[in-house]
Amino acid sequence: MAGRWIEQWDPEDETFWRETGEKIARRNLAFSVLSEHIGFSIWTLWSVMVLFMGPQYGIDPAGKFFLIATATLVGAVIRVPYTFAVARFGGRNWTIFSALMLLLPTGAAYAVMEPGTSYTTFLAVAALTGVGGGNFASSMTNINSFFPLRKKGWALGLNAGGGNIGVPVVQLVGLLVIGTAGATHPRIVLGVYIPLIVVAAVCAALWMDNLAPVKNDTGAAKEAVRDAHTWIMSFLYIGTFGSFIGYSFAFGLVLQTQFGRTPLQAASLTFIGPLLGSLIRPVGGLLADRFGGARITLWNFVAMAAATGVVVAASVKESLSVFLVGFIALFVLTGLGNGSTYKMIPGIFNAKALAKGMTGEEAGAYGRRLSGASMGLIGAVGALGGLGINLAFRQSFLTAGTGTSAFIAFLAFYAACSVVTWAVYLRRPAVTPVQAGAAEAAEAEPQLGYARV
């Protein structure tokens, strides 16, 4: 796949950006969103398939939670190699390949989705859908290279938000099928997505580009792994994206198991939270661009803890209406937090470059190098939060028959995220002479101030 290669790319040059770069970057962003959108739909496919799995399938709620947890796990782990694939093969080329890879889990699910299929087979097919989770990492790494630092919050938020919408869309398709054909025709959902996958691959081939200057940097990867900020941001991203993807997988199943909703009733509610969480993600990026990522992230985690308190109270009182209000508020807040945390990543490494005495393009290049290397790892670790959420729900329902204890654990985690965000990125310690170079970063990157780790 030789593809189209752009040999020179400097988005920080305002003249280049205005005359050439912006148009190309926006075109690549549009078709990156399309491919990532389909990828998210396939990754979260089993959040819909389990709604079709009635008593005739012989799988209890704990087994269904484990199915969706398996898809979450594979999607998280595969993000790491997908991150480095962009520089190795080119953003356009890898988008084509990763889109076509989605045919494998979709076709496999089409073949096995019927009563009588063994649980092991369902587990293996659910694992295959994890390739859709990898699309996020490669897409975000690719788009990060196209845009200048001042535009990254908006661009990455839009790219991720457009991809995240794949979650409620596949759930809406499931609702449409259950409402019209009934809960015994899951293959219709799969039949809808097979041609869409092909469309995404063809669009990438026709209208996307590869950036030749983007190369894999083993040194940058090792440096990112050793940098404490990579792991701190991974922890925070568990709280935002991990919550979003975990709740997206589990929402319908929780409604069925704890509140006795039918497949149609559950499907009619499941899509609302992921839809709002996806739509709000670019707003989180824009707010971070304006007010600072850490400030938005801190207050977002505080609000997430409060919303979780509402959900716990509703779960204890078995109030579906209050539960829905609290849970949907959680989805909205995860979307805002997703946008603000991803904006923080390039800002943090740009500020570190300034603290090292770098200026201008040298500082920009260092920031892009380290932020690009860290994003895949942060995205992978963050997605593991979705695994934790589904395993927590599984254990909670096994032992108590409700999700209340799981929600209490989530509330404690959001409180911890709030403390970490404040302590690392908002508390301002004394600045030593060695750190004086960060003063400019504190002004240019208000979401960082100066972080001492």
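Hey, what angle do you get for helix 166-180 against the long axis of the chain, alpha-carbon based, 0 to 90 degrees rounded to 10? Between helix and principal axis, roughly 20 degrees. Projected over all directions and averaged, the alpha-carbon convex hull of the range 288-402 occupies 8.6 nm².
Computed from the C-beta positions of Ser321 and Tyr119 and an R0 of 41 Å, the FRET efficiency is 0.75 to the nearest 0.05. May I ask you to work out the translational diffusion coefficient for the range 50-154 at 10 °C, viscosity 1.306 mPa s, via Stokes-Einstein with Rh from the Kirkwood sum over Cα pairs, reported in whole µm²/s? Estimated via Stokes-Einstein, D reaches 104 µm²/s.
Peptides 392-403, 151-162 ranked from most to least packed give 151-162, 392-403, packing being the mean of other C-beta atoms within 10 angstrom over each peptide's residues. Contact order for the chain, expressed relative to its length and based on alpha carbon pairs under 8 Å spaced 6+ residues apart, stands at 24 percent. Of Lys215/Lys352; Lys23/Lys343; Lys151/Lys222; Lys317/Lys343; Lys64/Lys222; Lys64/Lys152, which pairs sit farther than 30 Å apart, going by alpha carbon to alpha carbon? Result: Lys317/Lys343; Lys64/Lys222; Lys64/Lys152 exceed 30 Å. Of the residues Ser118, Ser32, ranked by 1.4 Å probe accessible area with the largest first, the sequence reads Ser118, Ser32.
Computed packing ranks the peptides 419-425, 234-240 as 234-240, 419-425, most packed first, by mean other Cβ atoms within 10 Å.
Here the range 1-122 has an Rg and Dmax of 19.6, 64 Å, counting Cα atoms alone. Spin-label model, Gln8/Trp207: points 7 Å from Cα along the beta carbon direction are separated by 2.8 nm.
Derived from the Cα gyration tensor, the three semi-axes of the equivalent ellipsoid of the range 241-280 are 19, 11, 5 Å, largest first.
Report note on the peptides 218-226, 204-212: ranked by the mean count of other C-beta atoms within 10 Å, highest first, their order is 204-212, 218-226. Relative contact order of the range 130-225, taken over Cα pairs closer than 8 Å and 6 or more residues apart, is 16 percent. In the chain, helices alone account for a calculated mean residue ellipticity at 222 nm of -25500 deg cm²/dmol, with every DSSP H run of four or more residues adding -39,500 (n - 2.57).
Semi-axes of the equivalent ellipsoid for the range 77-219, computed as √(5λ) from the eigenvalues of its C-alpha gyration tensor and ordered from largest down, come to 32, 17, 13 Å. Distant-in-sequence amide contacts of Leu211, defined by a placed amide H-H separation under 5 Å and a gap of 5 or more residues or a different chain, comprise Ile6, Gly91, Arg92.
The values are calculated or read from the model by the stated rules, or taken from the named source; none is laboratory data. Nothing here was measured: the structure is a model prediction, and the numbers come from that model. Quick reminder, even Gly has a Cβ in these numbers, built from the backbone with ideal geometry, and neighbours come from all protein chains shown. Just the protein is used for accessible areas: all its heavy atoms, side chains included, with ligands, DNA and RNA removed. Shrake-Rupley method; radii C 1.70, N 1.55, O 1.52, S 1.80 Å.
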